[in-house]
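Read the figures in this text as sums done on the coordinates, not as results from a lab. Just so you know, these numbers come straight off a predicted model, no measurement behind them. Positions of Cβ are backbone-derived with ideal geometry, glycine not excepted, and every protein chain shown enters the neighbour counts.
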Number of protein chains: 2
Amino acid sequence: MKLQVTQENLNRALGSVARVANSRGTLPILANVLIKTSNNRLSIAATNLDIAITHYIGAKVTEEGSITVPARLMQDFVNSLPDGTIELDLQESKLHVTTDQYKSVVNGIMADDFPVMPAITSGKQWSVDGALFKKGLQQVVFAASSDETRPVLTGVLFQTAEGKLHIAATDSYRLAEKNLGANKEDVQLLIPASAMQDLLRVIGDGNDPVQVTHDEQQVLFQVGDVELVTRLVDGKYPDYRKLIPASFATEATLKRSDFVNVTKVSSLFARESAGSVTIEVDESKGEISIRSVASQLGENTATATAVVNGSGSITLNSRYLLDALNALSGDEVTFGFNGKLEPTSLRDPKAADYQHIIMPLKS
Amino acid sequence: MKLQVTQENLNRALGSVARVANSRGTLPILANVLIKTSNNRLSIAATNLDIAITHYIGAKVTEEGSITVPARLMQDFVNSLPDGTIELDLQESKLHVTTDQYKSVVNGIMADDFPVMPAITSGKQWSVDGALFKKGLQQVVFAASSDETRPVLTGVLFQTAEGKLHIAATDSYRLAEKNLGANKEDVQLLIPASAMQDLLRVIGDGNDPVQVTHDEQQVLFQVGDVELVTRLVDGKYPDYRKLIPASFATEATLKRSDFVNVTKVSSLFARESAGSVTIEVDESKGEISIRSVASQLGENTATATAVVNGSGSITLNSRYLLDALNALSGDEVTFGFNGKLEPTSLRDPKAADYQHIIMPLKS
């Protein structure tokens with residue numbers, strides 16, 4: 001293998017794949033990235049056996065070949081190099097990396113030993129707008145659970161209903177759902193949230209469409225020069241739609257930034273009580289106020305003006321409230337609830353494609 | 001106590017003192033800040049018994065008084081409040097904090113219990129230019145030791161020689177010394193480096209002169225609205241000047257940014273060998289090159305052009321080298337050394353007021 005590549009391209013590719021490589025595992029080669037030529041392209045790939053990411057970049061290849069090298073060293077090294085051309089020259093299992101100023105030899109492991117994810121040979125294929133997909137995934141993925149004892153809740157559900165594709169995640173305390181619009185295929189996929197976090201990290205801010213291909217075991221995402229394959233999560237996802245209330249006895253609409261600020265301040269006094277804050281909505285005053293009490297430190301009441309329908313109060317975890325408020329994107333937010341133990345809802349009054357449900361705490 | 005203060009001023013004062021407060025100590029009141037009126041000023045103070053920091057701010061005081069409140073809560077709380085006026089109103093031991101939107105009650109501990117550092121009633125007093133002092137301290141303080149088994153090396157030495165004030169620190173592996181210019185008093189002070197780090201943090205970017213007052217036990221720094229008192233370190237400082245070579249068999253002068261870059265890249269291959277890199281200076285080629293070897297991962301040689309006098313090679317810890325290069329501030333740096341076990345020197349060829357010495361590693 002012998003080729004020339006720009007520092008910028010190689011650095012970008014290593015930056016997107018190297019985090020998947022894991023130096024703490026039992027298989028040393030999983031700490032490496034696979035570097036492989038194919039015509040005048042270079043693919044840089046890493047896998048942890050659950051997911052695999054490949055990034056393709058242009059290169060001037062004079063001799064085809066492949067090798068795996070330590071991911072972290074290679075990434076840090078290329079990142080430290082100045083702009084300009086880098087020459088890669090493989091001699092036996094040693095990769096010679098040369099620039100004007102630097103001559104390095106990086107010890108590799110032969111590429112034959114690198115594990116490959118099985119190819120998806122048959123299955124469904126569809127695509128979705130890149131910007132919408134990215135935004136929707138960001139609004140949903142954090143609501144998934146990290147508790148491995150209920151594996152289905154660690155996934156993000158991709159599901160079509162009435163011709164529309166919805167993505168949803170819940171950890172049973174809160175739920176986020178986004179409508180990604182019409183989809184030509186019927187879809188029912190449960191994808192690890194951690195893989196979706198990796199995908200968000202690597203797809204960048206471009207507007208390339210996202211191409212999705214899947215069979216019973218795996219799903220492949222292709223975005224621009226990047227490919228991510230991940231296994232699917234087994235199991236039956238709960239029928240979350242039953243949770244979403246159809247109407248609310250109490251609703252307050254206010255500036256989202258106001259709601260964020262009063263929640264942040266209140267949460268400081270809620271550290272002792274695991275984030276518990278009580279929200280009171282007062283129709284006659286046109287106010288929403290948040291109260292938190294720390295037995296040792298003191299107490300706080302923070303108030304914001306709101307357009308209110310119906311009075312009432314409810315107790316929530318302030319962290320979930322902040323997560324939801326940050327996931328919304330409009331200037332205003334509508335907060336609705338019914339009884340003290342029934343699900344509450346946050347939504348943008350001007351955008352019906354995203355909703356966020358939080359279960360209340362006992363107060 | 002009853003007063004009005006701006007969020008900006010109170011936030012700035014809490015930001016500078018609150019880090020000294022320590023909630024993990026045995027004395028609960030040390031986790032608090034002392035808030036105290038005096039005419040139309042408010043002082044905010046914190047102490048850990050070794051050092052005390054006080055920040056004075058303007059306030060509209062309608063009722064004198066004082067109280068201590070939890071430092072972290074108060075800092076986070078005031079930091080979260082919007083710009084504008086904050087009213088503080090003490091009722092028994094409860095501090096009522098009120099703005100347009102927020103009403104809080106913070107539980108305090110009576111100020112009588114707050115420990116006070118003894119006053120410096122007699123001693124020497126002198127001052128030094130603020131910008132020079134700050135720059136010099138930054139160039140020196142990181143070279144002090146954090147190893148408490150040799151307490152003198154955890155201090156920064158302030159010492160006059162031939163009418164000039166020098167500050168110096170060493171951990172016995174490297175040494176930094178700055179000349180702060182003429183000083184009217186004869187000074188010999190050993191000040192905890194940690195207190196000097198705190199001082200750097202609080203004095204900001206202003207150009208206020210630094211007023212220094214000290215007796216046998218303590219030293220007081222006054223800069224603008226901030227006061228810091230610290231105990232001194234006991235013990236006899238080593239005669240570090242004997243370490244500094246008078247001349248060098250090999251010297252290389254190069255762009256500081258080039259030296260930083262080649263050192264950074266080399267250090268990546270020096271992780272296995274505790275940062276050990278070998279520097280080779282070649283007079284005939286007019287080059288300085290740094291070589292590092294990782295038995296597992298590979299090896300690197302990085303080269304930069306330099307103006308060279310005399311050839312030779314020496315092995316150093318790359319972290320110390322980077323620290324020194326970052327502490328220097330000119331465009332160029334002169335690196336000089338003699339035998340393989342003798343001290344090496346880094347200095348700005350255009351500024352004689354700062355020098356940095358690094359002891360070599362056995363190679």
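Laid out as a table, the results:
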| quantity | calculated |
| --- | --- |
| Charge context of B:Thr154, other residues only, Cβ under 15 angstrom, K/R +1, D/E -1 | -2 |
| Alpha-carbon centroid distance for the pair the range B:23-54 / the range A:340-363, whole angstrom | 43 |
| Extreme residue, positive dipole direction of the protein assembly as shown, given options B:Ser363, B:Ser247, A:Phe158 (C-beta unit charges) | B:Ser363 |
| Cβ charges +1 (Lys, Arg) and -1 (Asp, Glu), total dipole of the protein assembly as shown, debye | 420 |
| Cα gyration tensor shape for the range A:244-358, rounded if a/c is under 1.5, else prolate or oblate | prolate |
| Per-selection Rg to Rh, the range B:66-169 - Cα, Kirkwood hydrodynamic radius | 1.16 |
| When the convex hull of its Cα atoms is projected in every direction, mean area for chain A (nm²) | 21.6 |
| Nearest-20 debye value, the range A:76-122 charge dipole, Cβ charges on Lys, Arg, Asp, Glu | 60 |
| Closest approach to the A/B rotation axis among chain A Cβ atoms, residue and whole-Å value | A:Arg24, 15 |
| For A:Pro245, inter-copy label distances in nm, listed shortest first [label point 7 Å out on the Cα-Cβ vector] | 7.8 |
| Candidates per GluC sites (Glu not before Pro) in the range A:40-92, loop by DSSP, up to 12 other Cβ within 10 Å | A:Glu64, A:Glu92 |
| Reference-scaled alpha-carbon Rg (2.2 N^0.38 Å with N residues) for the range B:51-95 | 1.28 |
| √(5λ) per eigenvalue of the Cα gyration tensor, the range A:2-113, largest first, Å | 20, 14, 14 |
| Prolate/oblate/rounded label for the range A:314-353 (Cα gyration tensor, a/c 1.5) | oblate |
| Cα centre as origin, Lys/Arg/Asp/Glu Cβ charges: chain A dipole, Debye | 460 |
| Pseudo-label separations to other copies for B:Gly65 - Cα-to-Cβ vector, 7 Å, nm | 7.9 |
| Shape of the protein assembly as shown, Cα gyration tensor, a/c cut at 1.5 | oblate |
| Kirkwood hydrodynamic radius of the range B:124-242, from inverse mean 1/r over distinct Cα pairs, in Å | 14.2 |
